[in-house]
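Read the structure below first, then the notes.
The values are calculated or read from the model by the stated rules, or taken from the named source; none is laboratory data. Computed from a predicted model, the values in this text were never measured in an experiment. All Cβ positions, glycine included, derive from the backbone under ideal geometry; neighbour counts span all protein chains shown.
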Ligand SMILES: [Zn+2]
């Protein structure tokens, strides 16, 4: 039997695909060179529900919880969502531009959505993430760098400082580096934090 390709039109086969209408074309001749890591949970700190998947597919009932009111009419997405279990969902083809970064700039270049992949981790900004998520994220990043010229992975906090703080201080960049071994993109400089 022929070996099935890992990627198909920008969709990663190991992920559970759930197509979002919230995407658009990337500008012509735009290489995907950045991965942006985010955190999200709805309601914040509540895991295992389907509110994030509903938000990214415009199916969230905004009257279901008081904290959803501010999300009414919001059209957002990410390419990937990594659940606490490590399970990976994909909402937008990597060939397309997802709507995750907003106003952003990295290394002097703005509109990061044009030239990045957005990866949301189920979690709470500033809190720790599950080891299974770091392993899944490393697996995904290794697959991404084999398929796209992604040189670097950063947090939303790095490309929108002062406006965004995710994934925050609880995200273990050092653990991600270990999980990637030699196979991933460049990561932000991790400063030694002495206890
Ligand atoms: Zn974010």
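Return a yes/no flag: does segment 63-75 have any residue that is within 16 Å of the chain's Cα centre (by Cα) and farther than 27 Å from residue 161 by Cβ. No; the residues of segment 63-75 include none that is within 16 Å of the chain's Cα centre (by Cα) and farther than 27 Å from residue 161 by Cβ.
Residue count for segment 155-186 under the criterion of being farther than 24 Å from residue 6 by Cα and either away from the ligand (no atom under 16 Å from the Cβ) or not in a loop (DSSP other than H, G, I, E, B) (or both): the result is 9. Taking the listed residues 163, 147, the one that is at pLDDT 95 or above and in contact with a strand residue (DSSP E or B) (Cβ under 6 Å, 6 or more places away or on another chain) is 147, with no other qualifying.
Pairing each residue of segment 160-172 that is more than 13 Å from residue 36 (Cβ to Cβ) and in contact (Cβ under 8 Å) with a residue 12 or more places away in the chain with any residue that is more than 9 Å from the ligand (Cβ to nearest atom) and part of a loop (DSSP other than H, G, I, E, B), provided the two are 6+ apart or on different chains, yields C-beta distances under 6 Å for 168/126; 169/126; 170/126; 170/127; 170/128. Only a single item in (1) crowded, with 19+ Cβ neighbours inside 10 Å; (2) within 16 Å of the ligand (Cβ to nearest atom); (3) not in a helix (DSSP H, G or I) is not met by residue 137, and it is number (3).
Just a yes or no: is a residue in segment 88-105 over 25 Å from residue 53 (Cα atoms) and either assigned to a strand (DSSP E or B) or away from the ligand (no atom under 12 Å from the Cβ) (or both)? Yes, the conditions are met somewhere in segment 88-105. Evaluation of residue 126 against the conditions (1) within 14 Å of the ligand (Cβ to nearest atom); (2) at pLDDT below 95; (3) in contact with a helix residue (DSSP H, G or I) (Cβ under 9 Å, 6 or more places away or on another chain) shows that the sole unmet condition is (3). When restricted to residues that are assigned to a loop (DSSP other than H, G, I, E, B) and either surrounded by 19 or more Cβ atoms within 10 Å (Cβ to Cβ) or within 16 Å of the ligand (Cβ to nearest atom) (or both), segment 5-14 contains 0.
Select from segment 21-46 the residues that are out of contact with any strand residue (DSSP E or B) (no Cβ under 6 Å at 6 or more places or on another chain) and within 16 Å of residue 122 (Cβ to Cβ) and list them in ascending order. If the condition is that a residue be out of contact with any strand residue (DSSP E or B) (no Cβ under 6 Å at 6 or more places or on another chain) and within 16 Å of residue 122 (Cβ to Cβ), then 42, 43, 44, 45, 46 are the ones that fit.
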